[in-house]
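The values are calculated or read from the model by the stated rules, or taken from the named source; none is laboratory data. Since this is a predicted model, take the numbers as computed values, not measurements. Virtual Cβ from ideal backbone geometry, glycine too; neighbours counted across all protein chains shown. Accessible surface is based on the protein model in full, side chains and every heavy atom, while ligands, DNA and RNA are left aside. Shrake-Rupley method; radii C 1.70, N 1.55, O 1.52, S 1.80 Å.
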Amino acid sequence: MNDLVFKDNFVFGCATAAYQIEGAVNEGGRGKTIWDDFSHTPGKIFNNENGDIACDSYHRYKEDIAILKELGFSAYRFSFAWSRIFPNGVKEINREGVDYYHSLLEELLKNNITPYVTLYHWDLPSALGDWTNRECAYAFRDYAKFCFKEYSSEVKNWITLNEPFCSSIVSHYQGRHAPGHQDLNEAITSAHHLNLAHGLAVQEFRKLNIEGKIGITINTIYPQAASKLKEDVLIADFAKACQTDIFISPIFKGEYPSQIESMLKLKIPIEKDDLNNINQKIDFIGMNYYSESLVKYDENSPFKMKEVNSWQKTTEMGWSIVPKGLLRFLRTLNNDTDNIDIYITENGMACNDILTSDMRVHDTDRIEYFRQHLLYCKKAIEEKIPLKGYFAWSLLDNFEWAYGYSKRFGITYVDYQNNCKRIIKDSGYFLRDVMLSLI
Ligand code: NOJ
């Protein structure tokens, strides 16, 4: 049966991130972040756009929560902007920022929507430099500890980091994200410091003995080998090691995959006790899934691999649509994470959405994308993979990092030309009907 019927306790939510939706960058005592700096550097972002206004969600969070409520979502994953709470990353607390998130949480709880809070979605306070600075890990620990204490009665689900692959490799090696560096050593150093930050925060959480669960969100990258040739199979395995297991293995096994140092010819700056500090039990793992790729051995690239062409239709991001990859990824992740609970913390597609004159968005491609991926979620549950929830990316069209506002991922259209007016797209109504078991 191809019915999309899920049990009542399956969590359905939408996800967003602070810098992508809040705007109000100079309000409420917020400190500057590396994304403010990066987006204001000419040439870094499509059209030189930035998150200064974004969706103006800082002011319009009640309206956004009303959309979640109207569509029937039971959960909302969003991130705290670290620099609203600690404008300089450490020490001095900004009460206005702290209270802002209390108001947001209060509004969610009033509407019976469970908050899933991401503590770090890439907006590092500028005062901390960047993740090559080991001090960031300790600053994050203190920020996290403050949040656990401050919000423990409202928040029961914590996500330490979002996609550390992006805040290390994409930011420090590929140069596409803030701070936009291109240095392999920096990338691997940052990855290690992010892992340490995560582990130290989990330890603080356990020490406080507060009610709730804690996990991390990874953009699992498990490319398939583009042929059965030995070198391609080995390089696909290496891709998994240095793009995903570099985060999963230290958390679950207390070690890094050995190929990283040998293949990349560098040293991970591990200090005494680091691996123990990272190897902390977590309660769930978040997986962001968008696509699956195929790789081939390539002598000329530092990672010794290149992505090859595919036959599938692609999204506006140019990403192949591979719903079955979601199931393959879930199987692999489940295997590598000791059968702990899994949430899809992001899944969705960018489309060329058109707002009609009668104020509708008929995003049929996105509906099909959700339908196919949700069918594989069901299949995973039938296979007894402990998949507990699904968050659509995203509640709103928003600032898509280096792509600015040119890519729309929302189930709600944001009319940037018209005071950021929100218009629920057909895909939003589709997900409502999934939650009502009508599909
Ligand atoms: C993953 C990131 O967490 C999110 O910020 C981004 O917008 C989506 N992928 C789409 O690229």
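Side notes on the structure shown:
- Label sites at ASN2 and GLU63, each approximated as a point 7 angstrom past Cα along Cα to Cβ, lie 3.8 nm apart.
- Nonlocal amide H pairs with MET305, under 5 Å, H built at 1.01 Å: ASP298
- Semi-axis lengths (Å, descending) of the ellipsoid that matches the C-alpha gyration tensor of region 131-189: 28, 12, 7
- Surface composition of region 1-59: carbon plus sulfur atoms hold 48% of the accessible area, using a 1.4 angstrom probe and ignoring ligands, DNA and RNA.
- Phi to ³J(HN,Hα) by Karplus 6.51 cos²θ - 1.76 cosθ + 1.60 over region 344-353, Hz, x for Gly, Pro: 7, 8, 7, 6, x, 9, 8, 10, 8, 6
- The gain in end-to-end length when the ASP237 to GLN182 segment is fully stretched comes to 17.4 nm, 0.36 nm per residue minus the alpha carbon separation.
- Shown is the FRET efficiency for PHE146 and MET359, computed with R0 = 41 Å from the Cβ-Cβ distance and rounded to the nearest 0.05: 0.45.
- Distance from the C-alpha centroid of region 115-185 to that of region 27-102: 14 Å, rounded to the whole angstrom.
- When you restrict to C-alpha pairs under 8 Å that are six or more residues apart and normalise by the size of the chain, the relative contact order lands at 18 percent.
- Measuring nothing but alpha carbons in the chain and taking Rh as the Kirkwood radius, the Rg to Rh ratio lands at 0.94.
- Temperature 25 °C, viscosity 0.890 mPa s: under these conditions the Stokes-Einstein estimate for region 156-234, based on its Kirkwood radius over C-alpha pairs, is 169 µm² per second.
- In the structure shown, the pairs LYS91/LYS156; LYS228/LYS272; LYS207/LYS265; LYS149/LYS281 are assessed against 29 Å; a Cα-Cα span above that value is assigned to LYS228/LYS272; LYS207/LYS265.
- Between GLU96 and SER437, the contour length at 0.36 nm per residue exceeds the alpha carbon distance by 118.6 nm.
- D (Stokes-Einstein, µm²/s), Kirkwood Cα radius, region 63-197, 1.567 mPa s at 4 °C: 83
- Antiparallel DSSP beta bridges within region 11-435, percent to nearest 5: 20
- The reciprocal of the average 1/r between distinct C-alpha atoms defines the Kirkwood hydrodynamic radius, which for region 256-369 equals 18.0 Å.
- Computed over region 54-117, the Cα gyration tensor eigenvalues convert (square root of 5λ each) into semi-axes of 24, 11, 10 Å, ordered from largest to smallest.
- Solvent-accessible surface of the chain, averaged per residue with a 1.4 angstrom probe and all protein chains in place: 40 square angstrom.
- Spatial separation of Cα centroids for region 1-25 and region 241-285, in angstrom: 29
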